[in-house]
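Contents: one structure, followed by commentary.
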Amino acid sequence: MNRKNSTEGILFDWDGTLLNSFAADAQAYFSMFDALGMSFSMEELKRHYSPNWHKVYRAARLPRAKWEQADRLWMRFYKLQQPELQPGALRVLRTLERRFTLALVSSGSRARVRRQLREHRVSAMFRAKVCSEDAPRRKPHPAPLRMALDQLRLVPEVCIYIGDAPEDIEMAHRAGVRGIGVLGGSPVPERLRAASPDALIETIGELPAALRKFA
């Protein structure tokens, strides 16, 4: 690959990709739905799971008038959880930050994601952090990723986005960025494969080796 297209920036999703969060997400959903007098199974959650949680609300037929209440309940129950980083994630970040510019593009709320970044002592590794409130549109719209690229002053052709959901790959491709899918933490691995990522890895620990093909 010529020098012009060599990789300079690695941008990450947070939940499920770097943070081992699906169990915590799911428990918060189930507690939230229970508090609202509704039921929603693990099978249904995996079938409809999306970084845009409003898709889950629609799938559950939650009335629009209750979405704000559902958001508050979900956050209350999620705070009872303490998800850890994915195995190997910290080692991978430390390895990659020596060579690449790193950034985070997450659908999670700014307050929650930034708090978790501080708790896991990885916040300083990311030159840019774009969360749900920061961009005008959500994944899979390319706006959040384009915002991060603007902050990094990098063109799409020299960047790679890492995520665990099909919306991550769609966002990357719509922004002109290559996308790598991580199967291990994904609740929707079949949909992730179907999104045609530029590469697939089982765990985040495999990322440094996978990046060699893009060097």
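Every residue, every condition in (1) touching a residue at least 24 places away in the same chain (Cβ under 8 Å); (2) crowded, with 16+ Cβ neighbours inside 10 Å; (3) not in a strand (DSSP E or B), yes or no:
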| position | (1), (2), (3) |
| --- | --- |
| 65 | no, no, yes |
| 69 | yes, no, yes |
| 83 | yes, yes, yes |
| 92 | yes, yes, yes |
| 95 | yes, no, yes |
| 118 | no, no, yes |
| 137 | no, no, yes |
| 141 | yes, yes, yes |
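Across the range 184-215, what is the total count of residues that are at pLDDT 95 or above and either of a type in the set (Val, Ile, Thr) or assigned to a loop (DSSP other than H, G, I, E, B) (or both)?
Within the range 184-215, residues that are at pLDDT 95 or above and either of a type in the set (Val, Ile, Thr) or assigned to a loop (DSSP other than H, G, I, E, B) (or both) number 8.
Any residue at all in the range 96-115 that is among the hydroxyl-bearing types (Ser, Thr, Tyr), at pLDDT 95 or above and assigned by TED's automatic domain parsing to the domain that holds residue 15?
yes
Exactly one of (1) surrounded by 14 or more Cβ atoms within 10 Å (Cβ to Cβ); (2) hydroxyl-bearing (Ser, Thr, Tyr); (3) touching a helix residue (DSSP H, G or I) at 6+ places or on another chain (Cβ under 7 Å); (4) in contact (Cβ under 8 Å) with a residue 40 or more places away in the chain is unmet by residue 21. Its number?
So residue 21 meets the others, but not (3).
When residue 116 is evaluated against the numbered criteria (1) closer than 22 Å to residue 46 by Cβ; (2) within 15 Å of the chain's Cα centre (by Cα); (3) of a type in the set (S, T, N, Q), which criterion, by number, is the only one it fails?
Single failed check for residue 116: (1).
Taking the stated definitions as given, is residue 130 over 26 Å from residue 47 (Cα atoms), of a type in the set (A, V, I, L, M, F, W, C) and more than 15 Å from the chain's Cα centre (by Cα)?
The answer is no for residue 130.
Within the range 27-54, how many residues turn out to be farther than 18 Å from residue 68 by Cα and assigned to a helix (DSSP H, G or I)?
So the answer is 8.
Just give me the residues in the range 24-53 being without any contact (Cβ under 8 Å) to a residue 40 or more places away in the chain and touching a Phe, Trp or Tyr at 6+ places or on another chain (Cβ under 7 Å), in sequence order.
Once the filter is applied, which keeps residues that are without any contact (Cβ under 8 Å) to a residue 40 or more places away in the chain and touching a Phe, Trp or Tyr at 6+ places or on another chain (Cβ under 7 Å), the range 24-53 yields 30, 33, 39, 40.
The values are calculated or read from the model by the stated rules, or taken from the named source; none is laboratory data. As the structure is a computational prediction, the values presented were derived from the model and not from experiment. Ideal geometry is used to build each Cβ from the backbone, glycine not excepted, and the neighbour counts take in all protein chains shown.
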